[in-house]
Each structure stands twice: as structure tokens, then as C-alpha cells.
Amino acid sequence: MRSIRKIHPDFQFFLDLKDQEVIDLFSDMRQFILELYPECNELLYHTHALTAVFSITEKLSDAFCMLPIYTNHLNLGFNKGTMLHDPDHLLIGTGNLIRHIAIKSPKDYRNPKVEALIKHAVDFAVNDMDGPTKSMGKTISKIKKK
């Protein structure tokens, strides 16, 4: 597996505090998303969860998916999941917009159904975006340093 983009040091600092199994799953899922859409922007946050958000612009509102890392698990989240066509009923959740897939192993996301869902989310985000992007293929840390 070749690395497309290095993990930002702000994010890596907090990622290194997680269990190795969670780190490995996150790293592989991130790679999978960047292989599908290498020109996306990656927005990094540390709030209630350590989260990498993948967006077609530099705006959170134009994001197509996210990888929130909680204490002992992570999800593949879709910011506008309720608006996506999900014929295989992969998405779970009860929020107004966000839906997710619980991730326990690579087989939970490295499959044609999830790949198609991510591509559909990208297409949806492109058609729904607010305006043209100023940057592509960037990693942007929104993590506040203490």
C-alpha cells in the first residue's frame, strides 16, 4: 500500500494515543478514500472525536464523508447520508442528515458496495456544492494547539 498523503502532525499526535488496531483501521480507510478521490481536501478536527473529513472544497459543508475516531472504534460517516441513494441499506443512524457504517475490519469498507456509496456521495457533493473550490488535494488542520 503506497501512501498518497502523509498524515498531518497535528492529527498524528492524537492518533498515536489510540489502540494500534484503531490506528491501522483508520490508516487503511483513509488510504481507501484517498485512492478513490485523491484530489479531495482533508479537513482535520479534534472535538468529541478525532475526525478526518473529506471534502470536494475547503468547506465542511461540501464534505462527502468522514472518519470519526472514538475511544475504541471508528465509523465511516456520510455528512448527507439521509440524502444518498443506499439500495443495500448500509447506512445506519437516526440523525437528520448524518448516517454511518460501523467499522470493525477492512471487509466493512473494502468492498464494491461501499466503494459505490462513496462515489455516489462524491457525485452528490459535487452537484450540491456552494461554489468553486480554491484548493484541491490539501490537508487542512483545524486542530487547536494547546
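Observations
- Among the residues of the stretch 85-130, the one identified as among the hydroxyl-bearing types (S, T, Y) and in contact with a Phe, Trp or Tyr (Cβ under 9 Å, 6 or more places away or on another chain) is Y109.
- Condition check for T47: of a type in the set (V, I, T) and free of Cβ contacts under 8 Å to residues at least 24 places away in the same chain: yes
- Residue in the stretch 97-112 that is buried (at least 16 other Cβ atoms within 10 Å of the Cβ), at pLDDT 95 or above and either under 19 Å from Q12 (Cβ atoms) or of a type in the set (K, R) (or both) present: yes
- Selection from the stretch 12-51 of residues that are among the hydroxyl-bearing types (S, T, Y) and part of a loop (DSSP other than H, G, I, E, B): Y37, T47
- N41 more than 21 Å from D16 (Cα to Cα), of a type in the set (S, T, N, Q), in contact with a Ser or Thr (Cβ under 6 Å, 6 or more places away or on another chain) and modelled with pLDDT of 95 or more: yes
- The conditions of being at pLDDT below 95 and either under 20 Å from K119 (Cβ atoms) or in contact with a Cys (Cβ under 7 Å, 6 or more places away or on another chain) (or both) are not met by T47.
- Comparison of D88, D62, D130 shows that the only residue that is touching a Lys or Arg at 6+ places or on another chain (Cβ under 6 Å) and either β-branched (V, I, T) or touching a residue at least 12 places away in the same chain (Cβ under 8 Å) (or both) is D88.
- For D86: the one exception among (1) over 13 Å from the mean Cα position of the chain (by Cα); (2) at pLDDT 95 or above; (3) part of a strand (DSSP E or B): (3)
- When residues of the stretch 73-96 are limited to those that are over 19 Å from L34 (Cα atoms) and among the small types (G, A, S), the one surrounded by the fewest Cβ atoms within 10 Å (Cβ to Cβ): G95
- Answer residue from the stretch 113-142, given it is touching a helix residue (DSSP H, G or I) at 6+ places or on another chain (Cβ under 7 Å) and exposed (fewer than 14 other Cβ atoms within 10 Å of the Cβ) and is farthest from G81 (Cα to Cα) among those: D130
- The lone exception for H46 - which of (1) touching a Phe, Trp or Tyr at 6+ places or on another chain (Cβ under 6 Å); (2) buried (at least 19 other Cβ atoms within 10 Å of the Cβ) it fails: (2)
- Test: residue in the stretch 68-75 that is modelled with pLDDT of 95 or more, farther than 22 Å from V114 by Cβ and either assigned to a strand (DSSP E or B) or not aliphatic (A, V, I, L, M) (or both): no
The values are calculated or read from the model by the stated rules, or taken from the named source; none is laboratory data. The model shown is predicted, which means the values in this text are computed figures rather than measured ones. Heads up, the Cβs are rebuilt from the backbone with ideal geometry, glycines too, and the neighbour counts pull from every protein chain shown.
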